[in-house]
Amino acid sequence: MVMARNLIRRLPILYQNHHHRLFSSATAAVAPSPTPPVRNDDEEIVEMKGVRVSGRPLYMDMQATTPVDPRVLDAMLPFYLSRFGNPHSRTHLYGWESEAAVETARAQVASLIGANPKEIFFTSGATECNNISVKGVMRFYRDKKRHVVTTQTEHKCVLDSCRHLQQEGFEVTYLPVKSDGLVDLDQLAAAIRPDTGLVSVMAVNNEIGVVQPMEEIGRICREKGIPFHTDAAQALGKIPIDVEKMGIALMSLSGHKIYGPKGVGALYLRRRPRVRVEPQMSGGGQERGIRSGTVPTPLVVGMGAACEIAAKEMEYDTRRVTSLQERLLNGIRSRLDEVVVNGSMEHRYPGNLNVSFAYVEGESLLMGLKEVAVSSGSACTSASLEPSYVLRALGVDEDMAHTSIRFGIGRFTTEAEIDRAIELTVQQVEKLRNMSPLYEMAKAGINLKSIQWAQH
């Protein structure tokens, strides 16, 4: 306990030191290295995956994951060290106090979305929630409902769950989106059939940050008597959510996107009118049979604490993140031309800035930006060199889709980090464009689309 208390007391200092190290000037050079990271504390050298970097990179990939808020860690530590009981143990204090902590966390999550705590079920994350929602609803109502409506820009786990249902004989309509990433409400209403069992639309897109018109979608679903499911992993704690106003029947939530721990999520499942799902995991019947398996008390407590902090600080965080996003975009655009923001700027979560740089290959830009931790799209699909399916669904040309970079701004991002990111991004884009004959031709006024390229 003494060690834990000392760690908690030192956390703010550790965070400050971490941020100071972020600004260390770094040069990335390819060099052979073993798979595990090798660190030289004197020079702050980090070697990993063949890359040698002096100093830790700036972290601007908040859609992939967020750092745990020190206040969240503070709430979690006792349940690792002294209050480690199984929340399902009914015969002693250790179980009782863990169970009480889980129920407190359940209430904290419910409060953030305007739900009843009895409608919250803890899982391992939003991917599991999406699987339970999409597969669970359709399999439960399989005798009467055989059709799902979703969009082409959903998270991979929703799209893959829908494809599994298609293999089982269900039908799925994948709605296109407009060029700004928003779903066409008339198309959505027209796609609903008498045998439609579920409409699933992501609240905030993980790649481009576009916020869908949730209340309007909920109203359409309510009028037609169809359960409305939304993947709100990127929305929780970032935009106001009210399950009653939005007419949401099922909602998938994640802990590590809101400065909580990895490995925990929550499923919102409406009680009135009741929505039934077929459990996707067999076991001891925990979480009222919806999700069997021991509830991980420390993780659940962490998610609850993260939700409580988000409820108090959402308005402040949004103002601050909006200011930083404007600083980043204006800083890049003031020094570079041919910079395109992907997705609606009006209906957007400001912490997600997805930008394409014409005449620059995205993977080359990423390799050159080793001092800034950013991505070219979803972390879940970044192993693929194919252009983002989300950007292609927006109608973005393949060459521009290949040039996209997603900057993620969050609670702990500083102005100094934004300024450094601008400087490094501009330097790298200019360097790559100076090497690009296409950029030179475009500057000379040549219409590249009119050129017929010949193969040799």
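The values are calculated or read from the model by the stated rules, or taken from the named source; none is laboratory data. Quick caveat: nothing in here was measured; it's all calculated off a predicted structure. For neighbour counting, all protein chains shown are included, and Cβ atoms are generated from backbone atoms with ideal geometry for every residue, glycine included. When the accessible area is computed, the model is the full protein with side chains, heavy atoms only, and any ligands, DNA or RNA have been set aside. Shrake-Rupley method; radii C 1.70, N 1.55, O 1.52, S 1.80 Å.
Observations, loosely collected:
- Selected residue [touching a helix residue (DSSP H, G or I) at 6+ places or on another chain (Cβ under 6 Å), aliphatic (A, V, I, L, M) and in contact (Cβ under 8 Å) with a residue 60 or more places away in the chain] from V340, V300: V300
- Among the candidates L299, L267, L328, the residue that is in contact with a strand residue (DSSP E or B) (Cβ under 8 Å, 6 or more places away or on another chain), within 17 Å of A126 (Cβ to Cβ), aliphatic (A, V, I, L, M) and outside any loop (DSSP other than H, G, I, E, B) is uniquely L267.
- Verdict on E223 being open to solvent by 10 Å² or more (accessible area, probe 1.4 Å), without any contact (Cβ under 8 Å) to a residue 12 or more places away in the chain, charged (D, E, K, R) and over 22 Å from F140 (Cβ atoms): yes
- Residue identified as of a type in the set (D, E) and modelled with pLDDT of 95 or more among D419, D399: D419
- Count - residues of the range 310-338 that are of a type outside the set (D, E, K, R) and open to solvent by 20 Å² or more (accessible area, probe 1.4 Å): 8
- Qualifying residue in the range 204-214 (condition: surrounded by fewer than 24 Cβ atoms within 10 Å (Cβ to Cβ), in a loop (DSSP other than H, G, I, E, B), among the β-branched types (V, I, T) and in contact (Cβ under 8 Å) with a residue 60 or more places away in the chain): no
- Search result, residues across the range 345-373 that are of a type outside the set (G, A, S), under 17 Å from Q427 (Cβ atoms) and open to solvent by 20 Å² or more (accessible area, probe 1.4 Å): Y359, E361, L366, M367, K370, E371
- For the range 139-154, taking the residues that are surrounded by 24 or more Cβ atoms within 10 Å (Cβ to Cβ) and out of contact with any Ser or Thr (no Cβ under 6 Å at 6 or more places or on another chain), the one that is farthest from G181 (Cα to Cα) is identified as V148.
- Taking residues in the range 408-425 that are within 12 Å of V321 (Cβ to Cβ), and partners anywhere that are among the hydroxyl-bearing types (S, T, Y), the pairs with Cβ atoms closer than 6 Å and at least 6 places apart or on different chains are G410/T66.
- Subset of the range 263-309 that is open to solvent by less than 30 Å² (accessible area, probe 1.4 Å) and hydroxyl-bearing (S, T, Y) - its residue that is farthest from the chain's Cα centre (by Cα): S292
- Within the range 121-159, being part of a helix (DSSP H, G or I) and over 17 Å from the mean Cα position of the chain (by Cα) holds for I132, S133, V134, K135, G136, V137, M138, R139, F140.
- The test for being on the phi < 0 side of the Ramachandran plot, surrounded by 24 or more Cβ atoms within 10 Å (Cβ to Cβ) and at pLDDT 95 or above does not hold for D186.
- Count of residues meeting criterion [open to solvent by 20 Å² or more (accessible area, probe 1.4 Å) and either in contact with a helix residue (DSSP H, G or I) (Cβ under 9 Å, 6 or more places away or on another chain) or β-branched (V, I, T) (or both)] in the range 113-123: 4
- Subset of the range 144-159 (residues that are among the aliphatic types (A, V, I, L, M) and more than 11 Å from D231 (Cα to Cα)): V148, V149, L159
- Which listed residue is open to solvent by less than 60 Å² (accessible area, probe 1.4 Å) and not in a helix (DSSP H, G or I), from A101, A64: A64
- Yes/no for F79 being aromatic (F, W, Y), buried (at least 18 other Cβ atoms within 10 Å of the Cβ) and either in contact with a Leu (Cβ under 6 Å, 6 or more places away or on another chain) or closer than 30 Å to Q286 by Cβ (or both): yes
- Which numbered condition F84 misses (of (1) surrounded by 15 or more Cβ atoms within 10 Å (Cβ to Cβ); (2) assigned to a loop (DSSP other than H, G, I, E, B)): (1)
- Subset of the range 427-449 (residues that are crowded, with 16+ Cβ neighbours inside 10 Å and modelled with pLDDT of 85 or more): Q428, V429, L432, R433
- The listed residue being farther than 30 Å from Y94 by Cβ and at pLDDT below 95, out of R272, R288, R319, R276: R272
- Check on P240, in contact (Cβ under 8 Å) with a residue 40 or more places away in the chain, assigned to a loop (DSSP other than H, G, I, E, B) and closer than 27 Å to K144 by Cα: no
- Only listed residue being open to solvent by less than 10 Å² (accessible area, probe 1.4 Å), under 14 Å from the mean Cα position of the chain (by Cα) and among the small types (G, A, S), chosen from G218, G260, G237: G260
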